[in-house]
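In what follows, a structure is listed as structure tokens, so that the remarks can point back to it.
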Amino acid sequence: MQVSKGTHTELDAIHQKRRLDIDALRGFAVLAVLTYHFFPQVSKSGFVGVDVFFVISGFVITNLLIRKQFLNAAALKSFWAHRVRRIFPALALVLSASLILGWFILWPAQYQVLGISATWSALMIPNILFWTQDSYFATEPTANPLLNLWSLGIEEQFYLVWPIIVLIVLRYFRGLSRLILVIGLAFSSWLACLVLPMLADNSAQALTSVFYLPWFRAWELLAGAALAFGILHPPRMLKAIRVSSRAAASGYWTCTAVLVIYVILPMPFTNPALFATLPVLLTVLLIGLRMRMSTDANDLSRSPLLWFGRISYPLYLWHWPILAFGLALGLTQSLVTMLSLLVLSIGLGWLTKSLVEQPIQRIPIAAPVVTVIVLCLLAAAVGGWIVGRNNGFPSRASSPVAKALVNYSYDFAADYQSGTCFSPTDRSSGPWPIECLPSVDSPERALLAGDSHAAHLSFGLKALSPGPESIGMIAAGACAPLLSQSSVATRECEWARGAILKEIESGTYSDLILAASWKPADVDELSRTLELIKQVSPANELNITIVGPVPVWRPSLPRVWSFLEANRMSELPLTTWHGVDMQPFELDTKLRQVAADNGVNYVSALESLCDASGCKVRDPKTGEPMAWDRDHLTRSGSRIIGRSIEESLSRSNPPANSLKLG
């Protein structure tokens with residue numbers, strides 16, 4: 001790669017001309033993200049800080065490209081060389097450090113995920129990998145210490161493709177047509193984000209695509225790019241508008257206040273594009289309005305945000321791995337712990353900026369420099385590949401407990417009736433599979449309805465029943481039996497809820513058991529559902545039982561002890577409070593009250609599985625864990641809750657008209 005001295009000097013000059021208000025805006029963005037990850041109860045929507053980053057990147061990079069008219073291959077190579085020098089060193093450091101720490105801290109399965117993620121991140125496509133996996137919002141930090149790099153993948157892909165598009169735009173378009181083209185591209189990307197989930201059969205999967213794939217995120221970066229083109233070629237009508245410095249300052253601080261409020265409050269959107277629309281527009285306004293203010297006017301750069309903005313990139317890289325490794329070590333999510341991990345992240349961000357980034361930024365761009373930097377990142381990629389290829393090195397387990405848990409797996413499909421009565425795979429409309437409903441000849445018929453937390457009770461109920469054909473199940477993934485709810489996330493959920501209502505309306509059931517992974521927001525909706533059931537049930541003899549939340553283990557019951565701890569244990573305890581989330585206990589109280597207010601039965605799974613010494617970890621006879629992940633029961637756990645449901649039904653039904661389970 002040959003880079004001329006003249007081009008190198010020009011680019012360095014541009015990089016040195018930084019707008020301090022934009023650096024401060026970066027500081028706001030990174031602190032919003034950190035607050036959301038470390039203190040989600042304070043910042044309900046802090047993840048939109050990433051959207052602010054996207055707009056800034058789109059503006060800064062496009063402004064750089066169009067001001068210097070990069071119209072040849074040599075100039076583009078020089079641009080990409082500067083991006084390598086800017087992005088790769090800190091990334092290579094964080095990836096290498098994560099691989100080293102993971103060897104000592106992470107379970108083999110976790111370490112394997114880390115290794116694969118490190119390879120894809122070094123190749124600049126981590127978002128593509130994560131797109132094939134779980135939703136970002138449904139993932140525990142310890143599940144992937146590099147999950148935050150999805151946004152870096154988006155930006156790196158933008159840096160590869162966008163300069164070429166800008167070159168074409170600058171060569172073949174003139175004046176206002178350039179701005180119209182960029183706005184058109186941005187609008188098309190934004191519109192695609194809204195249309196895809198509405199047309200897709202699986203809207204949840206479509207939303208994951210909207211979140212991770214670069215062509216759906218492009219509109220945010222293009223919003224910043226459009227501002228850069230608009231400044232170069234402002235429309236005539238905007239030229240005629242005169243905005244005083246005072247008015248611009250008022251607008252600037254108003255936009256800032258709205259953005260802060262947006263970060264704090266929860267937003268009622270499920271589509272990432274709808275979440276991001278207002279923050280993106282506000283960021284565009286903040287960057288644009290600052291240019292109409294006087295040079296000595298107050299802005300965000302007159303605050304500590306400027307310092308955080310200058311370390312925003314390494315700080316963003318470090319914060320999620322630090323949080324993930326801290327929780328993987330078994331640290332509680334207490335205020336002191338979270339503050340300590342946050343301070344550690346800030347310290348590492350500052351050290352990386354001071355000892356890695358700044359010294360490298362002072363080295364003139366040359367082919368050997370770029371080659372060495374790229375090789376360092378490729379070394380991290382190879383290291384990750386080795387870890388992934390060797391399944392996270394399970395041989396690291398030394399104690400009996402660690403060896404047992406390393407090899408532990410649970411096949412839930414048969415016990416949960418997965419693919420048949422739980423989320424049937426052969427259809428998504430019409431009658432619910434007849435084999436999932438109780439026999440019409442059964443004198444007493446019971447229906448288990450809900451989501452996966454209903455499915456994991458199926459084994460326990462049928463195991464206790466002398467006539468399993470008397471118990472039916474209608475269950476769909478992530479679909480609580482909130483029958484009064486008008487909007488649903490998936491067509492499967494709509495189908496399942498309709499099937500539940502149809503069975504209730506038939507009047508052929510003696511018992512209805514409602515179970516779900518209940519959320520605090522479900523409490524009021526559950527009350528309305530119970531009222532609806534009473535209205536549509538032909539007789540008042542339907543006996544309704546609500547099953548409350550089960551213990552939630554962080555990150556999961558088999559992994560609630562860190563790899564380091566498990567390597568020192570001879571056997572698992574019978575009960576523990578270690579890693580037990582307390583939120584379900586608050587929800588249990590509220591749901592119990594809902595049941596009492598509506599005159600229905602309530603079974604507290606928490607009372608069945610927990611006592612003063614903690615929540616049950618394993619079966620004392622077989623040693624089987626009570627749960628196989630964060631909150632889904634094994635056969636042992638299902639049997640215990642099944643007995644509790646049996647006792648509740650026996651108490652509430654007259655002996656001559658009761659559903660005997662065992």
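The values are calculated or read from the model by the stated rules, or taken from the named source; none is laboratory data. Fair warning: this is a prediction, and the values are worked out from it, not measured in the lab. Ideal geometry is used to build each Cβ from the backbone, glycine not excepted, and the neighbour counts take in all protein chains shown. To get the accessible areas, we keep the full protein, side chains included, count just its heavy atoms, and leave off ligands, DNA and RNA. Shrake-Rupley method; radii C 1.70, N 1.55, O 1.52, S 1.80 Å.
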* May I ask you to give the solvent-accessible area per residue for the stretch 200-286, in square angstrom, as obtained with a 1.4 angstrom probe? => 48
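Give me the percent of the accessible area of the stretch 521-589 that comes from carbon and sulfur atoms, probe 1.4 Å, all protein chains in place.
Values: 1530 of 3140 Å².
Exposed carbon and sulfur together represent 49 percent of the surface.
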* To do: Percent of Cα-Cα pairs per 10 Å bin, from 0 to the last occupied bin, for the stretch 464-538, please list those.
  => 17, 51, 27, 4
* Structure fact -> In cubic angstrom per residue, the convex hull of the chain built on its Cα atoms measures 173
* Structure fact -> Scalar couplings 3J(HN,Hα) for the stretch 124-129 by Karplus 6.51 cos²θ - 1.76 cosθ + 1.60 (θ = phi - 60°), nearest whole Hz, x for Gly and Pro, are 6, 9, x, 4, 5, 4
* With axes computed from alpha carbons, what is the tilt in degrees of helix 49-67 against the longest principal axis of the chain, rounded to the nearest 10 within 0 to 90? -> 20
* Structure fact -> Taking protein heavy atoms only, a 1.4 Å probe, and rounding to whole percent, the accessible area of the stretch 220-320 owed to carbon and sulfur comes out at 69
* Asked: Taking only Cα atoms, what is the 0 to 90° angle, nearest 10, from helix 335-352's long axis to the longest principal axis of the chain?
  -> 30
* Asked: In nm, to one decimal, how far is the residue 260 label point from the residue 173 one, both placed 7 Å along Cα→Cβ?
  -> 3.7
* Starting from the Cα of residue 297, step 7 Å along the direction of its Cβ; do the same at residue 651; then give the gap between the two resulting points in nm. => 6.7
* **Relative contact order (%) - the stretch 512-662, alpha-carbon pairs under 8 angstrom, separation at least six** => 26
* At a 1.4 Å probe, what is the % contribution of carbon and sulfur to the accessible area of the stretch 330-432? -> 67
* Go from 0 up to the bin containing the longest alpha carbon distance in the stretch 371-520, width 10 Å each, and give me the % of pairs per bin. => 10, 31, 21, 14, 14, 7, 2, 0
* Asked: How far apart, in nm, are the 7 Å Cα→Cβ label points at residue 244 and residue 344?
  -> 5.3
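Have a look at the DSSP beta bridges in the stretch 479-617 and tell me what percent are antiparallel, nearest 5. Please report the intermediate quantities before stating the final value.
On the way: 5 of 13 bridges.
Roughly 40 percent of the DSSP beta bridges within the stretch 479-617 come out antiparallel.
Can you tell me the convex hull volume per residue for the stretch 341-460, based on C-alpha atoms, in Å³ to the nearest whole number?
Looking at the stretch 341-460, the number lands at 278 Å³ per residue.
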* Asked: Any idea how far the Cα center of the stretch 26-74 sits from the one of the stretch 267-281, in Å?
  -> 15
* Asked: Helix 245-264: angle to the longest alpha-carbon principal axis of the chain, degrees 0 to 90, nearest 10?
  -> 30
* Computed [θ] at 222 nm, deg cm²/dmol, the chain (DSSP H ≥ 4; -39,500 (n - 2.57); rounded to nearest 500) -> -19000 deg cm²/dmol
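Would you calculate the convex hull of the Cα atoms in the stretch 229-374 and tell me its volume per residue in Å³?
Details: hull volume 31.6 nm³, N = 146.
Each residue corresponds to 217 Å³ of Cα convex hull volume.
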* **Most to least accessible of 290, 643, 86 (protein chains only, probe 1.4 Å)** => 643, 86, 290
* Solvent-accessible heavy-atom area per residue, rounded to whole Å², over the stretch 367-416 at 1.4 Å -> 53
* Go through the chain and flag any cysteine with no other cysteine's C-beta closer than 4.7 Å, please. => 193, 255, 376
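Might you tell me the accessible area per residue for the stretch 14-127, computed with a 1.4 Å probe and given in Å²?
Numbers: 3700 Å² over 114 residues.
Per-residue value: 32 Å².
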* Asked: Using heavy-atom solvent-accessible surface (probe 1.4 Å) with all chains present, what is the largest-first order of 509, 252?
  -> 509, 252
* Structure fact -> One finds the C-alpha centres of the stretch 92-125 and the stretch 165-198 to be spaced, in Å, by 36
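Where both residues lie in the chain, what percent of DSSP beta bridges are antiparallel, nearest 5? Walk me through the numbers on the way to the answer.
On the way: 7 of 27 bridges.
Antiparallel bridges: around 25 percent, rounded to the nearest 5.
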